[in-house]
1. May I ask you to verify whether B:VAL82 is more than 30 Å from B:PRO57 (Cβ to Cβ) and of a type outside the set (Ser, Thr, Tyr)?
2. Give the residue, chosen from B:PHE335, B:PHE312, that is among the aromatic types (Phe, Trp, Tyr) and under 26 Å from B:GLU222 (Cβ atoms).
3. Within the stretch B:120-145, track down each residue that is more than 14 Å from B:SER85 (Cβ to Cβ) and either among the basic types (Lys, Arg) or within 14 Å of another protein chain (Cβ to nearest Cβ) (or both).
4. Working only within the stretch B:123-148, note down all residues that are under 26 Å from B:ILE51 (Cα atoms) and either free of Cβ contacts under 8 Å to residues at least 12 places away in the same chain or part of a loop (DSSP other than H, G, I, E, B) (or both).
5. Would you mind telling me which numbered condition in (1) under 15 Å from A:ALA198 (Cα atoms); (2) crowded, with 21+ Cβ neighbours inside 10 Å B:VAL156 fails?
6. Restricting to the stretch B:59-80, what's the tally of residues that are of a type in the set (Gly, Ala, Ser) and not in a loop (DSSP other than H, G, I, E, B)?
7. Which of the residues belonging to the stretch B:55-114 are within 20 Å of B:ASP30 (Cβ to Cβ), away from chain A (no Cβ under 14 Å) and either of a type in the set (Gly, Ala, Ser) or touching a residue at least 40 places away in the same chain (Cβ under 8 Å) (or both)?
8. Out of B:LEU170, B:LEU150, which single residue is over 15 Å from the mean Cα position of the chain (by Cα), over 15 Å from B:PHE34 (Cα atoms) and within 14 Å of chain A (Cβ to nearest Cβ)?
Amino acid sequence: MTAPGTPATPGLERAAARATARRGAWLAAPGALYLLLFFLLPMAILVVYSFGTRTATGRTLLEGWNLESYRRLFDDVVVRVMWRSLWLAVLTTVICLIVAYPFAYYIATRTARLRNLLLVLVMVPFWTNFLVRTYAWRVILGRNGPLSTVADWLGFADVRLLFTETAIVIGLVYGFLPFMVLPLYASIERMDWTLLDAGRDLYASGWQAFRRITLPLTMPGVIAGVILTFIPSFGAYVTPEILGGAQTTMLGSYIQSQYLGVSDWPFGSALSFVIMALMLVGTVIYFRTGARTV
Amino acid sequence: MEQPAVRLARVEKHFGDVVAVAGLDLDIVDGEFFSLLGPSGCGKTTTLRMIAGLEFPTAGAVEIYGEEMGLRPANKRPVNTVFQSYALFPHMTVRANVGFGLQMQDVGTAEIADRVGRVLDLVQLGGFEDRKPRQLSGGQQQRVALARALVNEPKVLLLDEPLGALDLKLRQAMQLELKALQERVGITFVYVTHDQEEALTMSDRIGVMSGGELLQVGTPEEIYEHPATRFVAEFIGETNFVPVTAAGPDVVALADGTRVPLAASHPAGTELTMTIRPEKVVLFPPGGEPGPPAVTLPGTVTRRVYLGNSLFYDVDLGAVVVRSRQENAPGAHHFAEGENVVAAWEAASAVALDQ
């Protein structure tokens, strides 16, 4: 006889726990393998290359290991491109947040049927290729496009938008807005609305109730939206390439030019790696602090 | 008459085509514990929300201490609510939850700390200030919700089924505690519940609602002893319904013609329903029954159910079967199924209802 409450065979219980863990490992295996092959391995190659040497003819030698590429990260040109990318990504993220929050709130507070319709509409742009949609902006913002025609009518002569930072931000906001709307919608939709009733009942004005209750409770959505918008904006390649000009180079284009333009693989690798490391660290810190507020 | 704490005047609330509240007139007296009792969907919560300012009436007026509320929003009304699901702010500590209302009213930090401390002592939650709601049991969350409302010293406290989520034992303990608390703080309580026992236990007065209408308002005794409608009689407690016909002043006839005294002034021939509570129907062995003015009718026990603290018998009186409930008191005579008995009740215990 065993005492009540103790399992008859403790070994069996441990074996069951191990089996559960094994099953978990099998479930994770395909994803882990994929990431290993197509993310970690290339990443390792990237790191190796970043310590290599570029010959005068543009070949990369995997010898004479040095830190030259990392030193050059602090060159004026590079720092300028970084600041510009950072600034445009921040601007894009802030505009997306300001536009998306009220919109997501509106969607989340509609009836179920209207809600689904609006969500589909948010995703409709994805049905068309991103490149095509960005080229469309080139037409809209171009010299003889609809926007400059309207500006002409209104008396603003010679409004030049295409190939400016403004054009890039317009394109980025357009492209990444859904990535802000969807997580915000998900978190607002999950809100317990009686909490707002309680807030109003406890003398909070509509604005106070929003600031003290709705906003903190939807913070996970805000954080997710900011990350999903900021990271692709910071590393954007297609949009600045198509809508920006020579004076508005962002990181993505700059890295690309290191590989395909000037054939400086070590420097391109160093830049890619450092930016990725920075983003990773930033994201982790953001998640940590964000998790604490909720 | 003294000014009522809350006055509802012909208050209606429609949601689209649905009439949630249909023309409610009600005065709630200053300092009383008033319960709105009814089944789910009867409009009691909507009525409460209209007092709180979380819904606005489609028609009619809500007055609080003589002031017409109109479209005044919830944050500008001198009332606070304890919500059914407590609606505690999950991202705030107990201290921040309870202090929220005071903070919104720009009360000073020192005074907030002082009042929060005192109200938490009042609900016996001293020492829980820094917990988050999810770290509390259901009963403790309920107390926080109560403290969060009470700390504002509202003129009227609205409670929407606040004990609904608690288990039976805790609920019963909280009922007595709430009533004691209400007497101590002297605030008018408006309490919404579908639990008749809860309403009877705590209330000074009860308003019974059904289908958006207020059917009867009265003390627990009045409601229980003299129900105004069949619905009220049935919803509160257990009762017998006996179809009768008016046969003269204060006399009615059962289906088989037997005449029974019953206070009713309906013209002869009117079809009525007589209602009488099972515990008012007392059984005696034949020959042992009391004489007039008690009503006595011979019958046969057709069913006997033993409930521990009491027993109930279904007694066939010929014209109708009535249920009798008897305390399982020491020395009480227990009857067997098939036994001939005499059922007796005081004429005043039965109530005549229109159908």
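1. Numbers: more than 30 Å from B:PRO57 (Cβ to Cβ): no; of a type outside the set (Ser, Thr, Tyr): yes.
Judged against the criteria, B:VAL82 is not a match.
2. Values: B:PHE335 fails: under 26 Å from B:GLU222 (Cβ atoms).
From the options B:PHE335, B:PHE312, the qualifying one is B:PHE312.
3. B:ARG131, B:LYS132, B:ARG143
4. Scanning the stretch B:123-148 gives a single hit, B:VAL123.
5. Of everything listed in (1) under 15 Å from A:ALA198 (Cα atoms); (2) crowded, with 21+ Cβ neighbours inside 10 Å, B:VAL156 misses just condition (1).
6. Residues of the stretch B:59-80 that are of a type in the set (Gly, Ala, Ser), as a first pass: B:59-61, B:66, B:70, B:74.
Checking which are not in a loop (DSSP other than H, G, I, E, B) leaves us with B:59-61, B:74.
Count: 4.
7. Hits for the stretch B:55-114 are B:ALA61, B:VAL62, B:GLU63, B:TYR65, B:GLY66.
8. Numbers: B:LEU170 fails: within 14 Å of chain A (Cβ to nearest Cβ).
Answer to the check: B:LEU150.
Values quoted throughout were computed directly from the atomic coordinates according to the rules given, and no laboratory measurement underlies them. Worth saying up front: this structure is predicted, and the values here are computed from it rather than measured. Note: ideal-geometry Cβ built from the backbone for every residue, glycine included; neighbour counts use all protein chains shown.
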